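Each remark here refers to the structure printed beneath this line.
The values are calculated or read from the model by the stated rules, or taken from the named source; none is laboratory data. Since the model is a prediction, treat every value here as computed from it, not as a measurement. Heads up, the Cβs are rebuilt from the backbone with ideal geometry, glycines too, and the neighbour counts pull from every protein chain shown. Heavy atoms of the whole protein, side chains included, go into the accessibility calculation; ligands, DNA and RNA do not. Shrake-Rupley method; radii C 1.70, N 1.55, O 1.52, S 1.80 Å.
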Amino acid sequence: MEEAADGDWVVRRITGAASGKTYRCPGCDQEILPGTPHLVTWPAYPRDSDLDPWDTESAADRRRHWHASCWSARVHRRW
């Protein structure tokens, strides 16, 4: 789990060998092509809640694929 100013996140590193699909990075709106190492992230807790962490299997709809540099820079972005 990663703690940040924008909340607590589950962050998984995906190797290039494990990446076989194309995704769109929400940070830069560019494609993450198959074979590109990247991150998959999702909120660790329900928004505005002190409840138990998300079951990693049930949070599939909240997962997003990011370039590692975009993920690192997200807290400095103006959305």
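In the range 64-77, the residues that are over 23 Å from Pro34 (Cβ atoms) reach residues that are open to solvent by less than 80 Å² (accessible area, probe 1.4 Å) and assigned to a helix (DSSP H, G or I) with C-beta atoms within less than 9 angstrom, at least six apart or across chains, in these pairs: Arg77/Cys70.
Taken residue by residue, the range 19-34 has at least one member that is at pLDDT below 95 and either in contact with a His (Cβ under 6 Å, 6 or more places away or on another chain) or surrounded by 12 or more Cβ atoms within 10 Å (Cβ to Cβ) (or both).
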